[in-house]
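Data first, discussion second: the structure below is written as structure tokens.
The values are calculated or read from the model by the stated rules, or taken from the named source; none is laboratory data. Nothing here was measured: the structure is a model prediction, and the numbers come from that model. Because the Cβ atoms are built from the backbone with ideal geometry, glycine has one as well, and the counts that use them run over all protein chains shown. Ligands, DNA and RNA are excluded from the accessible area calculation, which covers all protein heavy atoms including side chains. Shrake-Rupley method; radii C 1.70, N 1.55, O 1.52, S 1.80 Å.
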Amino acid sequence: MRVAVFNTKPYDEKFLTAANQTLPPAEAHELEFFESNLRPGTTALAAGFPCVCIFVNDYLNRQALERLKQGGTTLIALRSAGFNHVDLAAAAELGMTVVRVPAYSPYAVAEHTVGLILALNRHIHRAFNRVREGNFALNGLMGFDLHGTTVGIVGTGKIGLIVAQILGQGFGCHILAYDLYPNPELETIGGRYVDILSLAAQADIIALHCPLTPETHHLIDAKAIEYMKPGVMIVNTSRGALIDAAAMIGGLKSGKIGYLGLDVYEGEEELFFEDFSNEVIHDDVFQRLLTFPNVLITGHQAFFTRNAMVSIAETTLQNISDLEQGRACANVVTTS
Ligand code: NAD
């Protein structure tokens, strides 16, 4: 199939090209790579392509989907697990199929989450800079033992469960969890489900691993912070808009939030995956967050391991092949 691959960086091209070569020759795809993102204003680039392949910061609302359909596109292949950036109802109405990569090394994201927790707790990001400048003072670098702390995990699917395993069984943390659909495995590894307010009230560390939906939008806002323990650590490697980023500033200034680790950010579409190091960044909330010593932000890199890139590329192209060949594909995203 002719596939217009958007938002591509050299690493995307490398892994997708390699995966394409592993398909049976008759099923190999004609991949055309575009650096541009795919949004309502850039759909013209996809004209004539039956399939577009997009990533997390592409944005397909109804208008974009209608334009793509007019240009002959019927298949949207996501290189991500999350699908909050595509209007699924509009796609269904237009007869377009959306397919995703539901699982690709959940370890990648879980391990990055734990990395953020360790770095924030032990101030590794600050120690790195200090030592490079010949400053070996320890003032301000004191952490706490993770062993014995209470971790609250919101969303215990593939990633949340691994975080629970690493922190519960590896570090000896007490694991509390909240999920609309509790996962029996969590209890077999010593975790305990509680309601969301009890989780907020008891957790020393809160890690978000649920999807972004209308219900979870701004799950952590100024009101939610009030229920939390003073000095709580909040880590979000899921989707930016789970957190009201502006509300975090007040919580950080008052000390209610002791640590904030983000791999995702509400306004990341305008920033992440690009180099703005020679430019002025206009997002004042983001810039203010960066001024706090106890905030650590990475640019949506939790997924970015070699293993995950291989898996994303292989599953994406297999999804396209399965749909092109009329085979059943379990990775089709539906509105229900
Ligand atoms: P998953 O579908 O396996 O698990 C999500 C869990 O969240 C499920 O158990 C579900 O029941 C639960 N959930 C849904 N709505 C909820 C709600 N309102 N409250 C509480 N729990 C709710 O997904 P996963 O593979 O574990 O991924 C989790 C999230 O991580 C994804 O939604 C995605 O947004 C994010 N993600 C981020 C990166 C990254 O690079 N930062 C990479 C992959 C995935």
Of those in region 147-182 that are out of contact with any strand residue (DSSP E or B) (no Cβ under 8 Å at 6 or more places or on another chain) and part of a loop (DSSP other than H, G, I, E, B), the residue nearest to the ligand (Cβ to nearest atom) is GLY157
Part of a loop (DSSP other than H, G, I, E, B) and hydroxyl-bearing (Ser, Thr, Tyr) - does that describe any residue in region 41-49?
no
What are the residues in region 193-218 that are open to solvent by 50 Å² or more (accessible area, probe 1.4 Å) and touching a helix residue (DSSP H, G or I) at 6+ places or on another chain (Cβ under 6 Å), if any?
HIS217
Looking only at region 291-317, filter to residues that are part of a helix (DSSP H, G or I) and touching a Leu at 6+ places or on another chain (Cβ under 8 Å); which one of those is farthest from VAL3 (Cα to Cα)?
ALA313
I need every pair where a residue in region 318-335 that is more than 12 Å from GLU27 (Cα to Cα) has its Cβ under 8 Å from the Cβ of a residue that is surrounded by 11 or more Cβ atoms within 10 Å (Cβ to Cβ) and aromatic (Phe, Trp, Tyr), sequence separation at least 6 or different chains.
VAL333/PHE83
Which of the residues belonging to region 239-284 are under 29 Å from LYS9 (Cβ atoms), open to solvent by less than 40 Å² (accessible area, probe 1.4 Å) and outside any loop (DSSP other than H, G, I, E, B)?
GLY240, ALA241, LEU242, ILE243, ALA245, MET248, LEU260, GLY261, LEU262, GLU268
What's the number of the only condition in (1) of a type in the set (Gly, Ala, Ser); (2) under 15 Å from THR315 (Cβ atoms); (3) touching a strand residue (DSSP E or B) at 6+ places or on another chain (Cβ under 7 Å) that ALA91 fails to meet?
(2)
Looking only at region 233-243, count every residue that is over 14 Å from the mean Cα position of the chain (by Cα) and within 16 Å of the ligand (Cβ to nearest atom) and tell me the total.
1
Output yes when any residue across region 222-232 is under 18 Å from the mean Cα position of the chain (by Cα) and crowded, with 19+ Cβ neighbours inside 10 Å, and no when none is.
no
Any residue at all in region 138-155 that is in contact with a Ser or Thr (Cβ under 8 Å, 6 or more places away or on another chain), under 28 Å from GLY191 (Cα atoms) and not charged (D, E, K, R)?
yes
Unique residue being open to solvent by 40 Å² or more (accessible area, probe 1.4 Å) and either in contact with a helix residue (DSSP H, G or I) (Cβ under 6 Å, 6 or more places away or on another chain) or among the β-branched types (Val, Ile, Thr) (or both) when the list is GLY190, GLY170, GLY143, GLY152:
GLY190
Hey, which of the helices (runs of 4 or more DSSP H) in region 54-129, taking only ones fully inside, have at least 3 residues that are within 15 Å of the ligand (Cβ to nearest atom) and open to solvent by less than 20 Å² (accessible area, probe 1.4 Å)?
106-122
What are the residue pairs meeting all of these: first residue in region 198-222, first residue β-branched (Val, Ile, Thr), second residue modelled with pLDDT of 95 or more and within 13 Å of the ligand (Cβ to nearest atom), Cβ atoms under 6 Å, and 6 or more apart or on different chains?
ILE206/GLY152; THR216/CYS210; THR216/LEU242; ILE220/ILE243
Where the second residue is assigned to a helix (DSSP H, G or I) and the first is charged (D, E, K, R) and lies in region 233-249, which pairs have Cβ atoms under 9 Å and are six or more apart or on separate chains?
ASP244/ALA222; ASP244/ALA224
Being open to solvent by 50 Å² or more (accessible area, probe 1.4 Å) and either under 30 Å from GLY115 (Cα atoms) or not aliphatic (A, V, I, L, M) (or both) is the filter here, so list the residues in region 305-336 that pass it.
ARG306, ASN307, VAL310, GLU314, GLN318, GLU324, GLN325, GLY326, ARG327, THR334, THR335, SER336
Spot the failing condition for LEU31; the list is (1) in contact with a Pro (Cβ under 6 Å, 6 or more places away or on another chain); (2) assigned to a strand (DSSP E or B); (3) of a type outside the set (Val, Ile, Thr), and only one is missed.
(1)
